[in-house]
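Chemist: Take this structure first; my questions come after.
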Amino acid sequence: MTDSGVNVAPTVSFNSISMVFPDGTEALRDVSFSVDKGEFVTVVGPSGCGKSTLLKIASGLLHPSGGTVDIDREKLGYVFQDATLLQWRTVRQNVELLAELHSVDKDERARMSTDAIELVGLKGFEDHYPKSLSGGMKMRVSLARSLTLQPPVFLFDEPFGAVDEITREHLNEETLALFQREGFAGLFITHSISEAVFMSTRVLVMSARPGRIVAEYEVPFGYPRQPDLRFDPEFAKLSGQISASLRGAHS
Amino acid sequence: MTVEEHTPIGARSDGASADFETPFIMAPAVPKPGKSRLRLASDSILPPVVFGVFIIAVWYGISYVVLDADRRFLLRPPHDVWQKGFADWENFHELLNGLQSSAKVAFIGLGISIVLGTSLAILMSQAKSIERALFPYMVTLQAIPVLAIVPLIGFWFGFGFKSRVVVAVIISLFPIIVNTLFGLQSADRGVHDLFTLHHASRLTRLRKLTLPNALPAIFAGFRISAGLSVIGAIVGDFFFGKGDVGVGQLLRRYANFLKSEQLLAAVIMSSLLGVAVFLAFGWLQEKVTGKWYEHGGGEV
């Protein structure tokens, strides 16, 4: 960990990003913001507003039609909407995949995966195949897989959308614990306001297509955050404000 | 999914996340209550046995009730087939030899199809342009009736063993190509993105993603083709009879001499060969992919 670094430049920064797809769909218009180390920034917006496109651009999977992104893509944490596990690999083998792709040697890989599996609370499940895991557990494997590389930037593309609410809240809390421990810069995409407020240091509201950042909220709560925070009046008030901006952005 | 509802919420805050969901893990391993292993076995064996008895009964019915005595040669009753086709050692020996010859042709043909078909599919999966260039010709090859090119095959490869193998290959190649190609192309988009993000080479992607992902489909192709290769070997033998005598030649001989008992015995034996190869590949598939592959609709 490089906690001592005099890291002035933001870890991720979007500069006037716009995106028009070949079929003429305008997904993003003039999007600019940055995420610093130690920040957890969430973008909320209605479905189809181009939130995921933003992450694809950040990761280099898509090239923007205009604007630039400053980001170090060497070790990028990217958690997809689905767990995207390889079903012929056990939990351990799945977690070791990225290290394998980066030609990390076998012993080091084993050490990395052991740590990561323990971090996400899947100790004891190393030799299970994905087909015997629940949706929430698959998502944890996916998280552990990204953790092995100790990425300075973590991109989350609506990762917990497919699991039930109880599991989702639980995963939210675990992700925050990881965020505190690893100190990465987090960029999280969701359409759930309460998830956004609970997780983030900052919430950005994106409008319907073409996606633009229409409002920005600092979240005043410190970490660690307790599950009860969701029932705090402050929490409700902030959620209400974000909800209002979203509705304004929608029309 | 009811387990979650019964889990006390408070159990979550201690961080023992794995415990929280442990019940899900156990679910697939626990056998259904109230059904012993024996009972399950009889459930799967009894219906086909009953139906088999029914078929034999109908067979007897046709031989003795439908057909008059002077026309009974059209369908001899089962015990006649048994006596002349199987119980008579000389005849059964001849049949086994023929079967061995045809099995050899089928295996070699299937082997060539597997190597050729899988390679072609991998080649096509590497670039859309290659797929577009090759695929129409694969379909054309598949669409040609073997009967129509029998003379050509004979001219080119002779009227013996080689031509029989060629027929087995022609008949069994296509399903392997189609299934393998389908399997190679069916890998999840997100996983492909993941490999792209981490700069995986073309070979790495093939080795670690598309090929293992295609295994279930590849084996589905192998199983279909295994049965087809037996058919191909017998059809090939039927037309190209030089050298040792295979099942095709036997069928021809029995038909010429109106030996319908032996004819039926030969038919039964060759279909048993097809079944055996099919089962063998099913077993192999289970060995290779059974541990991880989730069959469609497999969720309880």
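Nothing in this text is a laboratory measurement; each read-out follows from the coordinates by a stated rule. Since the structure is predicted, the reported quantities are computational estimates derived from the model, not experimental observations. Virtual Cβ from ideal backbone geometry, glycine too; neighbours counted across all protein chains shown.
Chemist: Determine one quarter of the surface area of the Cα convex hull of the range B:80-289, which equals its mean projected area, and express it in nm² to one decimal.
Modeler: 13.4
Chemist: If you rank B:SER44, B:SER113 by fewest surrounding Cβ atoms within 10 Å, what's the result?
Modeler: Ascending number of Cβ neighbours within 10 Å: B:SER44, B:SER113.
Chemist: Just order A:87-95, A:214-222, B:63-71 by mean Cβ neighbour count inside 10 Å, highest at the front, would you?
Modeler: Those peptides, ordered most packed to least, come out A:87-95, A:214-222, B:63-71.
Chemist: Moving on to the next point. Angle check, please: helix B:128-143 long axis (alpha carbons) against the longest principal axis of chain B (alpha carbons), in degrees 0 to 90, nearest 10.
Modeler: Result, in degrees: 30.
Chemist: Which FRET efficiency, nearest 0.05, do A:ARG181 and A:HIS63 yield, Cβ-Cβ r, R0 45 Å?
Modeler: 0.85
Chemist: Determine the sum of side-chain charges near A:GLU218: Lys and Arg each +1, Asp and Glu each -1, restricted to other residues whose C-beta is under 11 angstrom from that of A:GLU218.
Modeler: Net of charged neighbours comes to -1.
Chemist: Give the residues of the range B:91-115 whose amide nitrogen is closer than 20 Å to a point set 7 Å from the Cα of B:PHE159 in the direction of its Cβ.
Modeler: B:102
Chemist: Under the Karplus relation 6.51 cos²θ - 1.76 cosθ + 1.60, θ = phi - 60°, what is the ordered set of whole-Hz ³J(HN,Hα) values for the range B:49-62, x standing for Gly and Pro?
Modeler: 5, 4, 5, x, 4, 4, 4, 5, 5, 4, 4, 4, x, 5
Chemist: Relative to the first principal axis of the alpha-carbon coordinates of chain A, what is the inclination of helix A:106-119, with its axis defined by its Cα atoms, in degrees from 0 to 90 and to the nearest 10?
Modeler: Relative to chain A, helix A:106-119 is tipped by roughly 60 degrees.
Chemist: Whole-Hz Karplus ³J(HN,Hα) for the range B:155-167, in order, using 6.51 cos²θ - 1.76 cosθ + 1.60 and θ = phi - 60°, x for Gly and Pro?
Modeler: Karplus-based 3J(HN,Hα) across the range B:155-167 equals 4, 7, 10, x, 9, x, 3, 4, 5, 4, 4, 4, 5 Hz.
Chemist: Report, ordered by chain and residue number, the lysines lying within cross-link reach of A:LYS75, taken as a straight Cα distance under 24 Å and ignoring same-chain residues fewer than 8 apart.
Modeler: Result set, ordered by chain and number: A:LYS37, A:LYS51, A:LYS56, A:LYS106, A:LYS138, B:LYS208.
Chemist: Across the range A:147-157, in residue order, what do the Karplus-derived ³J(HN,Hα) couplings come to in whole Hz, using 6.51 cos²θ - 1.76 cosθ + 1.60 with θ = phi - 60° and x for Gly and Pro?
Modeler: With coefficients 6.51, -1.76 and 1.60, one gets 5, 4, 7, 6, x, x, 10, 10, 9, 10, 9 Hz.
Chemist: How far is helix B:211-239 tilted, in degrees, relative to the longest principal axis of the Cα atoms in chain B, given as a value from 0 to 90 rounded to the nearest 10?
Modeler: Once rounded, one gets 0 degrees.
Chemist: Kindly work out what percent of the DSSP beta bridges joining two residues of the protein assembly as shown are antiparallel, to the nearest 5.
Modeler: Around 45 percent antiparallel, to the nearest 5.
Chemist: Next up: Using just the helices of the protein assembly as shown, give the 222 nm mean residue ellipticity in deg cm²/dmol: DSSP H runs with n ≥ 4 each add -39,500 (n - 2.57), and the total is spread over all residues, rounded to 500.
Modeler: Value at 222 nm, helices only: -18000 deg cm²/dmol.
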